[in-house]
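K.L.:
Sharing a structure below in structure tokens format, with a few things to ask.
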Amino acid sequence: MPRPDAEQLLLDAEVDVRPSPQASAARRALLAHPVLLLVGIVLASLNMRAALAGVSPLVGEISGDFGLSATATSLVTSVPVLFLGAGAAVAPWLARRFGAERVLCGALVLLAAGILLRVAPSTYALYGGGVLVGSAIALLNVLMPGLIKRDFPDRAAAMTSVYTGSMIAGATLAAAASVPLEHAFGGSWQASLAFWSLLALVAAVAWVPQVLIARGRTGHELRSTGTGTGTGTGTGRSVWRSALAWQVTLFMGLQSLWTYVLIAWLPTLLTDHGMSRSTAGVVFAFNNLVQVAGAFLVPLLAGRMRSQRPLVVLVTGLVAAGYAGLLAAPVAGAWVWSGLLGIGQGGAVGLALTLIVLRSGDAATASRLSGMSQTVGYLLAAAGPLAAGAVHQATGGWTVPIVLVLAVCAAALGVGLLAARDRRV
């Protein structure tokens, strides 16, 4: 069976839909305005991590204002991640029912609403806003790659670089700017977090032309046969019954878990060891920035290898080395550990997404495996920040949480080596 090419790395949320002539005409009209579409993609991508990264440098102030324990504080970051998985499960259905443009625009509005709700003076609003933020980002996660694949089939690789680069840039900007924004707004963490709702609203406005141009497309789709059967693959086999599919899914979940532990707790860990809040925020931003290198290079290498086992060893080794460094010298070597972690994190997520396609025999299987791995993977990842916070509270330090994450790295290495074999689901 031929190996999937680089363009197949983008999975379409509307894979079960075959466009009618009216749909094709609407898409051609959409692509007649490439600048509008490019601006919309960049602005939407900037929002895909900013609302998550922007809260971490402020988590101490949030905890102090509400009187939260370390476990309850971890829910501030765990709840959105939990709903990244839940939202991923419904995104393909919404895209097929209403059209990708309309759902994406609605997700940006929902994201802005969630950010604003999160800063209301209530713990219920704090967590409820996290539900909306996670659900909205889940929709963006699933819809954006497929939209690029659909509308830029001849420039998918270049557009993927634009989309992933913008996503990481948004996270880096939010991480670096959160504390300065708090100072600029007179010490208000609420105003600092609320600021990012403006970015989401601007992106939503930028998508209105796409919604209007494509409004005639929804309802003119024709269902293709053999690929719309829920959990089945194009050959009729369920990915949920495949050992290889579970290995890919577990690697996705475990690498997401170590990443969201960092997103939730890295600034707090550094400040607990004596680093200033502003410096910790910049170190955290640097960690996000260097993820670009791993996310760009590792998928390119993976696509040229029959077995990706060396890359599994590389990315898990980098992440384990970074966490071990945080255990040994968290402040003195913070920049080095942040860099190692960032390259490993970016490479791991790029490898996890690439394995979905390389282990799939056809586009329909890839779409099902993507839904499975994102749904289960993010649900698993949501346990990371919560468990780290609970163990930190119970032990009064960061040694045991870091040791547990190192155990996660070992588990990821094991399932990753199995997932990286030259096999097909």
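The values are calculated or read from the model by the stated rules, or taken from the named source; none is laboratory data. Remember, predicted model here, so these are calculated numbers, not experimental data. As a convention, Cβ positions derive from the backbone with ideal geometry for all residues, glycine included, and neighbour counts pool all protein chains shown. These accessible areas exclude ligands, DNA and RNA; they are computed on the full protein's heavy atoms, side chains included. Shrake-Rupley method; radii C 1.70, N 1.55, O 1.52, S 1.80 Å.
K.L.:
I need the peptides 286-298, 251-263 ranked by packing, meaning the mean over residues of other C-beta atoms within 10 angstrom, with the highest value on top. Each step should come with its number before you reach the end.
P.N.:
Numbers: 286-298: 21.8, 251-263: 26.6.
The most tightly packed comes first, giving 251-263, 286-298.
K.L.:
Rounded to the nearest 0.05, what FRET efficiency is calculated for Val336 and Leu301 with R0 set to 25 Å and r the Cβ-Cβ distance?
P.N.:
After rounding, the FRET efficiency stands at 0.60.
K.L.:
So, with a 1.4 angstrom probe, what is the percent of accessible area on the range 301-384 that is carbon and sulfur?
P.N.:
74 percent
K.L.:
Multiply the residue separation of Ala184 and Thr395 by 0.36 nm, subtract the distance between their alpha-carbon atoms, and state the gained length in nm to one decimal.
P.N.:
72.4 nm is the gain from fully extending Ala184 to Thr395.
K.L.:
Quick check: residue separation of Ala410 and Val35 times 0.36 nm, minus the Cα distance between them. What number comes out in nm?
P.N.:
Gain on extension, Ala410 to Val35, equals 130.5 nm.
K.L.:
Leaving ligands, DNA and RNA out of it, report the carbon-plus-sulfur percent of the accessible area of the range 59-181 at a 1.4 Å probe.
P.N.:
So the carbon and sulfur contribution to the accessible surface is 70 percent.
K.L.:
Amide H neighbours of Ser238 under 5 Å, at least 5 residues apart or on other chains, H built in the peptide plane: list them.
P.N.:
Thr233
K.L.:
7 Å from Cα along Cα→Cβ at both Leu212 and Asp65: what's the point-to-point distance in nm?
P.N.:
Calculated label separation equals 3.7 nm.
K.L.:
When averaged across all projection directions, what area in nm² does the alpha-carbon convex hull of the range 233-307 cover?
P.N.:
7.3 nm²
K.L.:
Between Trp240 and Arg424, what FRET efficiency comes out of the Förster formula 1/(1 + (r/R0)^6) with R0 = 22 Å and r the beta carbon distance, rounded to 0.05?
P.N.:
0.85
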